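Structure, as structure tokens:
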Amino acid sequence: MAVDPNMPILIVDDYKTMLRIIRNLLRQLNFTNIEEATDGSMALRKLREKPFSLVISDWNMEPMTGLQLLKEVRADAKLKDLPFIMITAEAKTENVVMAKKAGVSNYIVKPFNAETLKGKLTTVIGDF
């Protein structure tokens, strides 16, 4: 099955510049249907309002962190199978382990480029 470049993607980060960077990288990879949320609780509201095919979320956010968002998504019967990629500036092993235990689909350490993002996306949603 081919990956739809128009699939709805939700990017979550409380830092506007990072949202812009992720959006631009996704556009470089030909994805066009990108929505933003500036924290986990806003993301959760959006996820419950309409269907998304993928979530790319930062770890460090207030008031709801990316890890808390991931746990909420995995606990929700409608959202539990949603592909979820976590982004973080910290490559601590315990963070990776926590995210894996919580059900993260993949993990990206900042800084990253379009090639890195494409590799992570391919493992989660398939070749495109």
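Starting from 0 in steps of 5 Å, tell me what percent of the Cα-Cα pairs of the chain lands in each bin.
Computed distribution, short to long bins: 2, 11, 24, 27, 22, 12, 2, 0.
Using modelled backbone amide H atoms (1.01 Å from N, in-plane), which distant-in-sequence or interchain residues come within less than 5 Å of Tyr107's amide H?
It is Met86, by chain and number.
By how many nm would the segment from Phe112 to Met98 lengthen if fully extended, with 0.36 nm per residue of separation less the alpha-carbon distance?
Working: separation 14, 0.36 × 14 = 5.04 nm, distance 2.11 nm.
My answer for the length gained is 2.9 nm.
In terms of the Cα gyration tensor, with a ≥ b ≥ c the square roots of its eigenvalues, is region 11-61 rounded because a/c is under 1.5, prolate because a/b exceeds b/c, or oblate?
oblate
What accessible area per residue comes out for the chain, rounded to a whole number of Å², with a 1.4 Å probe? Could you put the intermediate results ahead of the total?
Working: 6710 Å² over 128 residues.
Roughly 52 Å² per residue, with all protein chains present.
Kirkwood hydrodynamic radius, computed over distinct alpha-carbon pairs, for region 67-128: how many Å, to one decimal?
Numbers: mean 1/r = 0.0817 Å⁻¹.
With all distinct Cα pairs of region 67-128 included, I get 12.2 Å.
Explain nothing, just compute: Karplus ³J(HN,Hα) = 6.51 cos²θ - 1.76 cosθ + 1.60, θ = phi - 60°, for every residue of region 108-113 in order, whole Hz, x for Gly and Pro.
10, 9, 6, x, 9, 10
Over 23 Å between Cα atoms: which of Lys46/Lys92; Lys78/Lys110; Lys71/Lys92; Lys46/Lys80; Lys50/Lys110 fall into that group?
From the list (Lys46/Lys92; Lys78/Lys110; Lys71/Lys92; Lys46/Lys80; Lys50/Lys110), the Cα-Cα distance tops 23 Å for Lys46/Lys92; Lys78/Lys110; Lys50/Lys110.
The values are calculated or read from the model by the stated rules, or taken from the named source; none is laboratory data. Note that the coordinates shown come from a computational prediction; the quantities given were computed from them, not determined experimentally. Side chains are part of the model used for accessible areas, which takes the heavy atoms of the whole protein and leaves out ligands, DNA and RNA. Shrake-Rupley method; radii C 1.70, N 1.55, O 1.52, S 1.80 Å.
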